[in-house]
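Every number here is computed from the coordinates shown, using simple stated rules; none is lab data. What you see is a predicted model, and the numbers here were worked out from it, not measured in a lab. So basically every Cβ, Gly included, is an ideal-geometry build from the backbone, and we count neighbours across all protein chains shown.
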Amino acid sequence: MIQVHSIPILQDNYCFLIEDPKDRTCVIVDPGESAGVISAIKERNLKPVAIYNTHHHADHIDGNEALLKEYGALPVIGSAGDRERIPQLTQYLREGDKVEFGGETAEILEVPGHTLGHIAFVFPGHIFAGDLIFGYSCGAVFEGTMEQMYHSVSKLLKYPDDTLVYIGHEYTLNNVKWAQHVDPDNPDIQQRVALETAPPTVPLQLGLEKRTNHFLRCDDPKVQAFTGKTEPAEVFGALRTHKNNFK
Ligand SMILES: [Zn+2]
């Protein structure tokens, strides 16, 4: 049974430590810096055995180098698509590949859009999703197309509602106004807003995201009506553009 620790780093990022409590080993997910991560590892008396990177952005990988200095030549596991962009990578993963830790197996999802090489690590009950989604939102579409990002985000829909989603940023409360603007009388949003009043809001609960994150609701008639579109990938694109411009 793995256990996950959220480590707040930088301005509003999270790095995660996946611990195997049997032998106190851990995997470091998306170390955007090293000092805070090393002290979190020391505090818990853990022994790192690998680094996972979801994508090449600096706020997810800048700690790699110093962590390798501190802990020796750990495997650094990331996307085959990031081979040129994350110099420390030692393993290059594709859709459907598997990685093992703590007696559990994570399946790799390719989720292009925010970046082209973005991947997610899907352990049973725990998804490490980087900047794929945020609370009420999704990552900005920097490198891929809206269509790609729509398909990437939609890959989350098949997992059970009680899945926890570990994401790169504590942005949830910033996105409330937009979520309410798009679907003002959504009872699930009203209830969520009343309960979720301060950070940390991560990990996200996938079931709640499915009901309150409009980017996961592109086939919902209410969301479609807001955008004036019916084809789900177009609904997604219209929502993303609207949110980019929302003040
Ligand atoms: Zn990013």
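Out of GLY72, GLY113, GLY96, GLY102, which single residue is touching a helix residue (DSSP H, G or I) at 6+ places or on another chain (Cβ under 8 Å) and not polar (S, T, N, Q)?
Numbers: GLY72 fails: touching a helix residue (DSSP H, G or I) at 6+ places or on another chain (Cβ under 8 Å); GLY96 fails: touching a helix residue (DSSP H, G or I) at 6+ places or on another chain (Cβ under 8 Å); GLY102 fails: touching a helix residue (DSSP H, G or I) at 6+ places or on another chain (Cβ under 8 Å).
After ruling out the rest, the residue left standing is GLY113.
Which condition does THR54 not pass, out of (1) surrounded by 15 or more Cβ atoms within 10 Å (Cβ to Cβ); (2) farther than 27 Å from LEU109 by Cβ; (3) hydroxyl-bearing (Ser, Thr, Tyr), if it passes all the others?
Unmet condition: (2).
Restricting to region 197-206, name every residue that is farther than 24 Å from VAL122 by Cα and either β-branched (Val, Ile, Thr) or buried (at least 21 other Cβ atoms within 10 Å of the Cβ) (or both).
Within region 197-206, just THR197 meets the criteria.
Here are the criteria: (1) without any contact (Cβ under 8 Å) to a residue 24 or more places away in the chain; (2) under 15 Å from the mean Cα position of the chain (by Cα). Tell me which single one PRO200 does not satisfy.
With (1) without any contact (Cβ under 8 Å) to a residue 24 or more places away in the chain; (2) under 15 Å from the mean Cα position of the chain (by Cα) applied to PRO200, the lone miss is (1).
Across region 137-148, what is the number of residues that are in contact with a helix residue (DSSP H, G or I) (Cβ under 7 Å, 6 or more places away or on another chain) and buried (at least 19 other Cβ atoms within 10 Å of the Cβ)?
3
Which residues, counting only those in region 70-91, are under 15 Å from ALA106 (Cβ atoms) and surrounded by fewer than 16 Cβ atoms within 10 Å (Cβ to Cβ)?
PRO75, GLN91
Before we move on, is LEU173 under 26 Å from ILE18 (Cβ atoms), touching a strand residue (DSSP E or B) at 6+ places or on another chain (Cβ under 9 Å) and more than 16 Å from the ligand (Cβ to nearest atom)?
Details: under 26 Å from ILE18 (Cβ atoms): yes; touching a strand residue (DSSP E or B) at 6+ places or on another chain (Cβ under 9 Å): no; more than 16 Å from the ligand (Cβ to nearest atom): yes.
Taking the combined requirement at face value, the residue does not satisfy it.
For region 57-66, what are the residues that are buried (at least 22 other Cβ atoms within 10 Å of the Cβ) and either more than 16 Å from the ligand (Cβ to nearest atom) or of a type in the set (Val, Ile, Thr) (or both)?
Step one: of region 57-66, the residues buried (at least 22 other Cβ atoms within 10 Å of the Cβ) are 57, 60-61, 63-64.
Correct list: ILE61 only.
Quick check on this structure: which one of PHE128, PHE134 is within 13 Å of LEU204 (Cα to Cα), of a type outside the set (Lys, Arg) and out of contact with any helix residue (DSSP H, G or I) (no Cβ under 8 Å at 6 or more places or on another chain)?
Of the residues listed, the single one that is within 13 Å of LEU204 (Cα to Cα), of a type outside the set (Lys, Arg) and out of contact with any helix residue (DSSP H, G or I) (no Cβ under 8 Å at 6 or more places or on another chain) is PHE128.
Could you give me the residue pairs with C-beta distances under 9 Å whose first residue belongs to region 136-148 and is in a strand (DSSP E or B), whose second residue is within 10 Å of the ligand (Cβ to nearest atom) wherever it lies, and which are 6+ apart or on separate chains?
What qualifies is CYS138/HIS114; CYS138/ASP131; CYS138/LEU132.
Looking only at region 207-247, filter to residues that are surrounded by fewer than 20 Cβ atoms within 10 Å (Cβ to Cβ) and of a type in the set (Phe, Trp, Tyr); which one of those is farthest from LEU156 (Cα to Cα)?
Only one residue fits best here, namely PHE246.
I want to confirm something. Restricting to region 153-178 and keeping residues that are in contact with an Asp or Glu (Cβ under 8 Å, 6 or more places away or on another chain) and outside any loop (DSSP other than H, G, I, E, B), which single residue is nearest to LEU208 (Cα to Cα)? Spell out how you get there, then give the answer.
The initial filter retains those residues of region 153-178 that are in contact with an Asp or Glu (Cβ under 8 Å, 6 or more places away or on another chain), namely 156, 165, 167-173.
If we keep only those that are outside any loop (DSSP other than H, G, I, E, B) as well, we get 156, 165, 167, 169, 172-173.
Working: LEU156: 12, VAL165: 11, ILE167: 15, HIS169: 17, THR172: 12, LEU173: 15 Å.
Checking each candidate, the answer is VAL165.
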